Amino acid sequence: MEKKLLKSILLIITYTVVLVLCLVKIDALLGLLGKLLGLLQPVYIGFALAFVLNRPCEFFYRLYDRGLGRSKAAKLSRPLAVVSAYMLLLLVIAAIFSFVLPKLVESIQLFANSLGGYIYNLQRWGNELLGYLNLEMWDTIDLSGLSSYLQELLNKTLQTLGNTLTHVMEITSAVISVVVTLVLAVVFSIYMLAGRETLLGQSRRVLVAYAPKRISTVILEVVELTAKTFTNFVTGQLTEACILGGLCALGMLFIQADYAPLVGVIVGVSALIPVAGAYMGAILGAFVLVMVSPVKALIFLVFLGILQQIEGNAIYPRVVGTSIGLPGIWVLAAVTVGGGLFDLPGILLSVPVASVVYTLLKQDVRRRLAEPEEER
C-alpha cells in the first residue's frame, strides 16, 4: 500500500472519529464554547470599542504626523492619537451627563409627578367612552386608588430589595464583574489602536504563510470590504441619530417643551436601530405625550412622520450615502431575519452583514457573467 494512500485513509478515519465524538458530546462542546466566549468577552468588547474609535484615531494620527513631520517626536503620533480619541470619547460622555442627562432626569421626574393627573385623565376618558357606548353596568371607572397602589408596590419592592443581603451581594458581584470587563476591554482596545499597523501586518503575514495565495487574496478582500462597510454604517448611524434626535427635540419645543429632551433622546437612540427604530421611537414618544394631551401626541406623530420622510430622503442619503449599497427590501429582510435569530444584536448587525454578502454576491455574479461560457 502506498504511503500517500495510507495517509489518506488514516486522515479519513481520524476525521470520522473526531466527527462522531463531536456529535456525541455536542452539549459539552457547546457549553465549553459558551464559557470560552464568556472569557473572551473583554476581547471582543475591546475590539468593538477600538473599531468605533478607529476613525477619529486615524484622523488625529494624520494630524499629529503632519504636524510633527520627520522630527524625533514623530513616533509619538500614534500614542497621542489614541489619547486624543479617548479624550474625545470622554468629552462626549461628559457632555451627555452635563447637558442631556439633567434635562432627561427632569423630564422623567415631571412625568412621574404628573402620574396622578394622567390616571385621572384616563379615568375620565374611560367614563366618557362607556357613557358614549351606553354601558350602564359599567357607568363609571374608578382608578383613584391605582396611583397609591403602584406607589405602595414600588415602596415594598424597594424595601424588600434593601433588606435582602443576597440581592446586595449579587448586585455587588455583577457591578464588579462589569467594571473588570470594561477595564480589560479598554486595555485591549488601547493596545489594538496603538499597535494597529503591527497587528494588521502580523495577521496578514500569518494568513499568507499558511493559506494558498488565491484563498488568502479572497480573505483579505472580504475583510477589507467588511471593515469599510461596518465603518461607514456605524459612522452614518451615529451621525444620523444625533441629527434626527436634535431636530426632534427642536420640534418638540413647539409641541411640549417640557418633554423636548426626553423625546429627543428617545427618538435619537431608537434611530440607531435600522427600520424598527423609527416605529419604536414614534410609539414611545407618543406614549409619553398621550397622557398629557392626545392632540399633542397626534401632532407629534404627524411631525415625526414628516421629519422621518425628510431624514430618509434628504439627510440619510447625504450622511450615509450609498456606501452601504443595500436596497431597501433587503434591509427590511435582513433586520427581520437578524432580529428573529439573534434579537437586538441581530437587528443592529444584520444590515452591514447583509450589505457585505450582497456586495460579494453582486461581484461574483458580474465576474461569472463576464467570463465566456466555456470557462465557467
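Every number here is computed from the coordinates shown, using simple stated rules; none is lab data. These numbers were taken from a predicted model, which means no experiment stands behind them. Here the Cβ positions follow ideal geometry from the backbone for every residue, glycine too, while neighbour counts run over all protein chains shown.
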Whole-Å distance linking the alpha carbon centroid of the stretch 170-246 with that of the stretch 7-29 is 33 Å
Note to self: Kirkwood Rh of the stretch 213-366, Cα pairs, one decimal, Å, is 16.8 Å
For the stretch 326-367, the Debye formula with one identical point scatterer on each Cα and no solvent gives log10 I(q)/I(0) at q = 0.14, 0.16, 0.34, 0.35 Å⁻¹ as -0.31, -0.39, -1.05, -1.08
Residues I9, I329 in order from fewest to most other beta-carbon atoms within 10 Å are I329, I9
Magnitude of the Cβ-charge dipole (Lys and Arg +1, Asp and Glu -1) of the stretch 213-366 about the Cα centre, nearest 20 debye, reported as 360 debye
